[in-house]
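Below is one structure, written out as structure tokens; comments come after it.
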Amino acid sequence: MGIHHGHILRVLRDEGPQSRAALSRRAKLSATTLTHVTAQLLREGYIRENETNGAARVGRPAQAVRLVADAARVAGVHIGAGHVQVAITDLKAEPKAMASFEFDIDSADPDRVVERVAASVAGLAAEIQVDAASLLGVGVGVPGPVDTDRRRALASINVGWRDLPMADKLEHAIGLPVVVEHNVSAMALAESRYGIGRGVPALLYVYVKTGLGAGLVVDGAVFRPGGYGAVELGHIQMTADGALCSCGNTGCLETFVCERTLMNAAGLQGAAPADLIARVERNRPAWDAVTRHLTTALASAVNLLTPDLIVFGGHLGQAPDSLFEKLRADLPPRVMPHMRDVLRIERATFGPAGGALGGAALALDHFFYSGALH
Ligand SMILES: [Zn+2]
């Protein structure tokens with residue numbers, strides 16, 4: 001397959017079934033090229049063609065071409081601090097099987113984590129009776145900045161990994177092509193392709209779990225300033241004399257809004273509950289501090305990056321509506337006037353599954369819709 005195949009498939013994914021004539025116009029391909037490309041896609045089972053009811057008045061009925069989402073599968077992997085999530089999805093990032101496991105971040109041997117990811121993908125494939133070797137590829141989101149050309153996780157601080165050749169290791173373990181990306185950027189990509197961010201020019205994804213990560217997708221592509229792509233919102237310095245941050249600096253946003261701080265504010269110990277932010281809200285001074293710092297940092301992010309949409313995931317994605325109402329009221333007055341009417345703040349579409357679906361979105365982009373596989 002090539003670039004035209006990917007283009008046709010993307011149009012069918014994003015805009016649904018349509019006639020050959022509409023597809024030819026939309027994909028800006030000649031009838032001859034379209035015939036050639038669709039013939040191959042039909043033969044390989046990636047598209048199907050059905051007669052549409054009453055679409056044509058005379059002569060041959062118009063044919064509606066549609067994407068067959070079940071024609072192939074990819075695997076998506078999210079690696080967080082001590083937590084891994086794996087999914088196998090169809091060609092529209094719809095999960096068919098999911099699994100997760102925990103690992104100890106104080107002794108996080110990357111080879112062991114990679115082995116367990118490979119075993120998890122194989123197990124999920126068996127569960128849905130798919131030959132693992134038939135998967136198109138694997139997309140992996142890892143913590144911290146990524147060198148996507150050298151396919152390495154450069155600095156996963158919370159896990160203690162540096163300059164790790166994640167894609168090479170996983171390809172070796174799993175026998176499938178692998179693509180690697182910063183984990184929150186992958187989640188932003190999934191929302192931009194398949195979720196609430198469809199058609200949005202600039203989407204900023206803010207994810208709070210162990211740390212505070214962010215990802216930015218601009219015009220459908222992960223924003224990668226300087227080559228590494230992580231938008232380090234969590235390390236905007238709020239105050240120079242604040243607590244020591246995992247990055248080595250002091251007073252970063254992440255020191256005010258991360259799982260440990262939120263758990264302390266809620267007076268909790270052990271595993272974080274799903275309603276962690278709602279529990280923080282009951283502690284008024286802590287709630288005020290969290291929302292104040294978040295609003296201040298987001299105001300800077302909005303003025304610098306001009307996102308049309310900010311999407312919250314992780315603990316923020318499970319926050320009560322009151323957090324969204326507060327930010328929708330407090331943030332606009334603090335950004336440039338032209339951004340006030342544009343900006344939306346929403347919950348992530350994919351909830352706790354968002355990490356693995358981020359990995360799947362990466363794999364789909366790379367191994368299917370770009371035509372890179374063939
Ligand atoms: Zn920091």
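The values are calculated or read from the model by the stated rules, or taken from the named source; none is laboratory data. It should be emphasised that the depicted structure is a prediction, and the values quoted were computed from it without experimental measurement. Note that each Cβ is placed from the backbone with ideal geometry, even for glycine, and that neighbours are counted across all protein chains shown. When the accessible area is computed, the model is the full protein with side chains, heavy atoms only, and any ligands, DNA or RNA have been set aside. Shrake-Rupley method; radii C 1.70, N 1.55, O 1.52, S 1.80 Å.
Sort out which residues of region 91-122 are under 18 Å from Pro177 (Cα atoms) and in a helix (DSSP H, G or I), and write them in order of number. Before the answer, list the steps.
Of the residues in region 91-122, the ones under 18 Å from Pro177 (Cα atoms) are 91, 93, 111, 113-122.
Within region 91-122, Asp111, Val113, Val114, Glu115, Arg116, Val117, Ala118, Ala119, Ser120, Val121, Ala122 qualify.
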Would you please list the contacts, defined by Cβ atoms under 7 Å and residues six or more apart or on different chains, that run from a residue in region 333-346 that is under 11 Å from Thr306 (Cα atoms) to a residue that is open to solvent by 50 Å² or more (accessible area, probe 1.4 Å)? Val335/Asn303; Met336/Asn303; Met339/Thr306
Residues that are modelled with pLDDT of 95 or more and within 12 Å of the ligand (Cβ to nearest atom), drawn from region 214-234: Leu233, Gly234
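In region 253-278, what count of residues is obtained for those that are within 16 Å of the ligand (Cβ to nearest atom) and closer than 26 Å to Asp104 by Cβ? Break it down into steps so the answer makes sense when it comes.
Taking region 253-278 and keeping what is within 16 Å of the ligand (Cβ to nearest atom), we get 253-261.
Keeping just the survivors that are closer than 26 Å to Asp104 by Cβ gives 254-255, 257-261.
Number satisfying all stated conditions: 7.
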Within region 196-224, which residues are touching a residue at least 60 places away in the same chain (Cβ under 8 Å), buried (at least 24 other Cβ atoms within 10 Å of the Cβ) and closer than 24 Å to Val84 by Cα? Leu204, Tyr205, Val206, Tyr207, Val208, Gly211, Gly213, Ala214, Leu216
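Given Asp104, Asp163, Asp168, which one is touching a Leu at 6+ places or on another chain (Cβ under 7 Å), farther than 18 Å from Gly314 by Cα, open to solvent by 40 Å² or more (accessible area, probe 1.4 Å) and not aliphatic (A, V, I, L, M)? Spell out the reasoning first.
Values: Asp104 fails: touching a Leu at 6+ places or on another chain (Cβ under 7 Å); Asp168 fails: touching a Leu at 6+ places or on another chain (Cβ under 7 Å).
Result: Asp163 is the single residue among Asp104, Asp163, Asp168 that is touching a Leu at 6+ places or on another chain (Cβ under 7 Å), farther than 18 Å from Gly314 by Cα, open to solvent by 40 Å² or more (accessible area, probe 1.4 Å) and not aliphatic (A, V, I, L, M).
In this structure, does Thr250 turn out to be near the ligand (Cβ under 10 Å from one of its atoms), of a type in the set (S, T, N, Q), surrounded by fewer than 21 Cβ atoms within 10 Å (Cβ to Cβ) and modelled with pLDDT of 95 or more? Let's see the steps before the verdict.
Details: near the ligand (Cβ under 10 Å from one of its atoms): yes; of a type in the set (S, T, N, Q): yes; surrounded by fewer than 21 Cβ atoms within 10 Å (Cβ to Cβ): yes; modelled with pLDDT of 95 or more: yes.
Yes; evaluated as a whole, the condition is true for this residue.
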